[in-house]
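Below is one structure, written out as structure tokens; comments come after it.
The values are calculated or read from the model by the stated rules, or taken from the named source; none is laboratory data. Remember, it's a predicted structure, so these values are computed and weren't measured experimentally. So basically every Cβ, Gly included, is an ideal-geometry build from the backbone, and we count neighbours across all protein chains shown. Surface areas here come from the heavy atoms of the whole protein model, side chains and all, with no ligands, DNA or RNA. Shrake-Rupley method; radii C 1.70, N 1.55, O 1.52, S 1.80 Å.
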Amino acid sequence: MKLKKLFILMAIAILTLCLGLTVEAKQVELNIGTAGMGGAYYPMGQGLANLVTDYVEDVSMVPVVTGGSVANPRLASEGEIDFGLTNANLAYFAYLGEGKYDKKLNISAVIPLHPSLLHIITLANSPINSFTDIKGKKVGVGTAGGGTIAFIKNLLKEYEMTIDEITPSFLSYADEFTQLGDKNLDICFMLAGYPASAATQIAATHKIKFIDLEDEHFVNLMKEYPYYTKIVVPKDVYKLEKDAQAIGVPNVLIVNNDLDEELVYQITKAIVENLDELRETNATAKQIDLSKAKGIPIPFHPGAEKYLKEIGILD
């Protein structure tokens with residue numbers, strides 16, 4: 001009798017183990033490429049990953065730190081990441097194999113995200129009051145693989161300056177703003193959605209100011225780069241004396257185009273149907289406007305397109 005019970009217990013244990021292995025085998029593990037700490041990409045990626053993990057059955061997703069908007073299309077195309085955040089203009093160049101990309105990349109769009117704007121921030125008592133004042137200064141320009149330096153180069157060209165006229169420091173946003181607070185840098189540039197944690201943190205301990213671009217330069221830049229837009233940052237966001245005007249660009253969630261259609265459909269559905277939950281914990285997510293999907297300059301993944309058509313976002 002005891003031997004029979006032992007066999008029964010062993011059978012139950014083996015069955016339980018097999019079931020456990022079956023569940024584990026069904027589990028799909030994905031990741032989403034963000035950027036360095038201190039900007040808006042990492043918390044946005046973390047929030048999106050949480051929605052996928054919570055609302056897509058047998059799927060988990062984690063955010064990973066990457067070089068940022070320039071690197072993510074390449075990483076997604078090569079399968080190093082499954083999903084990624086990038087600027088709409090970079091997604092366009094990556095899809096065509098132009099600009100920073102020497103071949104057409106295997107990516108597609110999922111949903112439009114928040115806009116990123118070029119933060120140009122220095123301490124309130126700094127003698128820097130215009131873009132041209134950065135000549136000869138120590139400048140935080142973000143990471144080498146990020147989108148900030150590309151924006152800066154376009155501004156330098158517009159103002160008939162060169163990068164040789166500044167001393168650039170390639171740092172994460174968190175590190176560059178720390179250096180600004182310690183007065184090891186004179187000014188910081190950061191391409192990120194607002195509020196960006198690196199800027200809010202320094203605003204909590206130092207009085208800062210935002211360097212606006214002059215109207216004539218805004219006009220020239222948006223004519224030269226039609227994917228740029230003007231964004232107003234309310235003064236309360238970073239405890240400024242007045243609202244700031246910044247140049248910016250829309251963001252988009254991209255995916256490796258070979259990812260399974262049904263999987264991408266379910267992920268798109270989970271994100272869109274639970275955006276309000278993300279907006280409760282992420283202020284940047286409040287700026288996501290799904291109606292901007294028609295303006296995304298690259299094709300949508302078939303799974304994302306199917307869902308967005310079902311809810312009337314795409315025709």
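Put TYR307, TYR173 in order of accessible area, highest first, and with a 1.4 Å probe you get TYR173, TYR307.
Residues whose amide H comes within less than 5 Å of that of SER69, counting only those at least five positions distant or on another chain, are GLY147 (H built at 1.01 Å from N in the peptide plane).
The residues of the chain have, on average, 47 Å² of accessible surface per residue, using a 1.4 Å probe with all protein chains present.
Rolling a 1.4 angstrom probe over region 55-161 with all protein chains present gives an accessible area of which 47% lies on carbon and sulfur atoms. In the complete set of protein chains, residue-level accessible area for LYS294 is approximately 130 Å², probe 1.4 angstrom.
Of PHE189, PHE170, the residue with the largest accessible area leads and the full order is PHE170, PHE189 (1.4 Å probe). With axes computed from alpha carbons, what is the tilt in degrees of helix 215-224 against the longest principal axis of the chain, rounded to the nearest 10 within 0 to 90? Helix 215-224 sits roughly 50 degrees off the main axis of the chain. Rounded to the nearest 500, the helix-only mean residue ellipticity at 222 nm of the chain stands at -12000 deg cm²/dmol, with each DSSP H run of n ≥ 4 adding -39,500 (n - 2.57). Based on alpha carbons, the Rg and Dmax found for the chain are 22.7, 92 Å.
Expressed as a whole number of Å, what is the distance separating the alpha-carbon centroids of region 28-54 and region 167-208? The two parts, judged by their Cα centres, are 22 Å apart.
Here the label points at GLU57 and GLU262, each 7 Å from Cα along the C-beta direction, are separated by 1.1 nm in the simple model.
LYS137 exposes around 60 Å² of accessible area when a 1.4 Å probe is run over every protein chain in place.
Once backbone amide H atoms are built at 1.01 Å from N, ALA35 has TYR42, THR66 as its partners under 5 Å, excluding neighbours fewer than 5 places away on the same chain. For region 64-118, trypsin sites (Lys or Arg not before Pro) are listed when DSSP marks them as loop and at most 15 other Cβ atoms sit within 10 Å of their Cβ; the list is LYS100, LYS103, LYS104.
Largest first, the residues ASP102, ASP258 sort by 1.4 Å accessible area into ASP102, ASP258. By its C-alpha gyration tensor, with a ≥ b ≥ c as the square roots of the eigenvalues, how is region 116-183 shaped: rounded for a/c under 1.5, else prolate for a/b larger than b/c, else oblate? Oblate.
To test your reading of the geometry: what angle, between 0 and 90 degrees and rounded to tens, separates the Cα axis of helix 261-273 from the longest principal axis of the chain? Relative to the chain, helix 261-273 is tipped by roughly 60 degrees.
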